[in-house]
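The values are calculated or read from the model by the stated rules, or taken from the named source; none is laboratory data. Everything numeric in this text was worked out from a predicted model, so none of it was measured. Because the Cβ atoms are built from the backbone with ideal geometry, glycine has one as well, and the counts that use them run over all protein chains shown.
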Amino acid sequence: MLGRNAGKFAVVALLSVPGVMSLYNARTKPPDPNLAQLPARPATTAQLLEAPPRLDAWINDHFGYRVDLLQLNNRMRFKLFREFPTVQMAAGRHGRYFLAAHGTNMPPFQAVMAACGGTPARASTIPHLNRMFSAFHQAGLAPKLMVVPSAPVVYPEDVPRFLERACASPDTPTAGVLASPQLEQPARDNMYYPVREMREIKKSALLFPKTWFHWTGDGLDQVARASLSHFWQRPLDQAPVLATKKYLHHSDVSHLFDGVLLESEIIEPDLEASQVKGCWGGDCYPEMAEVARKLGDISRFSNPRAPARRLLIISDSFGSKVSAWYARYYGTVEQFATNNADQLTPEQILAFTSYLYRDREHTDILILYHDAGAMFDVLRLGTERLLPAPAAKS
């Protein structure tokens, strides 16, 4: 009898250990408001009926060694099947991994298809681009917009095979916007989508590490050069080359898959060796400290060896990864990601825009968003509150 049921007893014994640990933790640790709470002893019939699902939720959140078991499960799934525990990540080919969805409530491969062919841009995109460039021009400013092709478009040969044709297609959402008759000429003339250039640059330089969503690498210097030549036709050969450094770094999307370690070699400018002063984060702008702390994803560079001109970069999170490379060509580079711009008060917006659009004679303005963000309202939501007021008539 005992022998025939030894396996059952073993399973019960193994599960009893984390079960006891669950009760011990409940008695000794303060409650976490982000987790399900242990229901009180039922005092009414209604509470008795509500107790099972609430108890089940508590067990799910507080099961003993829960974090360790989840990490072990994630590692096993990844090692055996190259699967991630979230719809947000997917394994591609040739050792490359992709951010597959921008949220856990998104359809599979939503983030990939937002960049690749066959998906039209959101209906609000073209009206905002027309309105944005019109507002800047009425204020006497001449910004440029670079739409950065993301990894699935730059490396279509690395996406899962069933997506390769769409990602290799020239019919991307950005290309559709640029070809649309609804896009007004001032917007069209001041936009740059360097997909052809970046597919060529990838043959000799790093643009996207294989485990990253964001871009980073020595290829960004070539993209910066291409954008400056395209927009301002400026001779760039005299700019001193930035020294670089290489190191192994964990994936920038590691927080999405607990227990799985992905790493890539990273190439970045060595600012100290290049005699460039650099700063990232909310402490970089004491002139508007409260605004800077709210924005967070910002950067600032000073290069005494570059021409004494200022580059203003208004961006999404891709901007902070490329901003240092532009310091090769500008004495001053100031980059502001707009991801948290919605947290600014009207008074702070006024102070912020006054700071952004100062020293107009010596400033170039580059608006920089990756393709999915530019075509699906991240650009619109990030910039619509930052549009300058029309210039005063004399």
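Looking at the stretch 344-394, what helices (runs of 4 or more DSSP H) fall wholly within it and have at least 2 residues that are surrounded by 20 or more Cβ atoms within 10 Å (Cβ to Cβ)?
So the answer is 371-375, 378-383.
Assigned by TED's automatic domain parsing to the domain that holds PRO108 and over 22 Å from the mean Cα position of the chain (by Cα): does that describe PRO170? Against the criterion (assigned by TED's automatic domain parsing to the domain that holds PRO108 and over 22 Å from the mean Cα position of the chain (by Cα)), PRO170 qualifies. Going through the stretch 283-299 one residue at a time, which ones are within 25 Å of ASP221 (Cα to Cα) and either at pLDDT below 95 or crowded, with 22+ Cβ neighbours inside 10 Å (or both)? Correct list: ILE298, SER299. Taken over the stretch 97-106, the criterion of being part of a loop (DSSP other than H, G, I, E, B), touching a residue at least 60 places away in the same chain (Cβ under 8 Å) and buried (at least 19 other Cβ atoms within 10 Å of the Cβ) is satisfied by no residue.
Of all residues in the stretch 123-150, those satisfying the criterion of being buried (at least 17 other Cβ atoms within 10 Å of the Cβ) and within 30 Å of ARG161 (Cα to Cα) are THR125, MET146, VAL147, VAL148, PRO149, SER150.
All conditions but one from (1) in a loop (DSSP other than H, G, I, E, B); (2) closer than 22 Å to GLN222 by Cα apply to GLY259; the one that does not is (2). Kindly evaluate ALA175 against the criterion of being surrounded by fewer than 21 Cβ atoms within 10 Å (Cβ to Cβ) and either touching a residue at least 12 places away in the same chain (Cβ under 8 Å) or in the same structural domain as LEU366 (by TED's automatic domain parsing) (or both). Spelling it out, ALA175 is indeed surrounded by fewer than 21 Cβ atoms within 10 Å (Cβ to Cβ) and either touching a residue at least 12 places away in the same chain (Cβ under 8 Å) or in the same structural domain as LEU366 (by TED's automatic domain parsing) (or both). Considering (1) assigned by TED's automatic domain parsing to the domain that holds GLN138; (2) of a type outside the set (Ser, Thr, Tyr); (3) in contact (Cβ under 8 Å) with a residue 40 or more places away in the chain, the lone condition that ALA292 does not fulfil carries the number (3). Quick one: would you say ALA115 is small (Gly, Ala, Ser) and loosely packed, with under 12 Cβ neighbours inside 10 Å? No, not satisfied.
Residue by residue, here is whether (1) of a type in the set (Ser, Thr, Tyr); (2) out of contact with any Pro (no Cβ under 9 Å at 6 or more places or on another chain) holds:
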{"residue": "GLU164", "(1), (2)": "no, no"}
{"residue": "ASP171", "(1), (2)": "no, yes"}
{"residue": "PRO181", "(1), (2)": "no, yes"}
{"residue": "GLU184", "(1), (2)": "no, yes"}
{"residue": "LYS202", "(1), (2)": "no, yes"}
{"residue": "HIS214", "(1), (2)": "no, yes"}
{"residue": "THR244", "(1), (2)": "yes, no"}
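A single member of GLU157, GLU164, GLU184 is among the charged types (D, E, K, R), free of Cβ contacts under 8 Å to residues at least 24 places away in the same chain and surrounded by fewer than 20 Cβ atoms within 10 Å (Cβ to Cβ), and it is GLU164.
Checking the condition surrounded by fewer than 22 Cβ atoms within 10 Å (Cβ to Cβ), among the hydroxyl-bearing types (Ser, Thr, Tyr), closer than 20 Å to PHE208 by Cβ and touching a strand residue (DSSP E or B) at 6+ places or on another chain (Cβ under 9 Å), which residue from SER317, SER302 passes? Answer to the selection: SER317.
When we screen PHE84, PHE78, PHE136, PHE109 for residues that are under 26 Å from SER227 (Cα atoms) and in contact (Cβ under 8 Å) with a residue 12 or more places away in the chain, the only hit is PHE136.
Taking ASN340 as the residue in question, decide whether it is touching a residue at least 24 places away in the same chain (Cβ under 8 Å), more than 23 Å from VAL223 (Cβ to Cβ) and assigned by TED's automatic domain parsing to the domain that holds LEU228. Spelling it out, ASN340 is indeed touching a residue at least 24 places away in the same chain (Cβ under 8 Å), more than 23 Å from VAL223 (Cβ to Cβ) and assigned by TED's automatic domain parsing to the domain that holds LEU228. TYR155 meets all of the listed conditions (1) among the hydroxyl-bearing types (Ser, Thr, Tyr); (2) under 23 Å from the mean Cα position of the chain (by Cα); (3) farther than 25 Å from ALA101 by Cα but one, namely (3).
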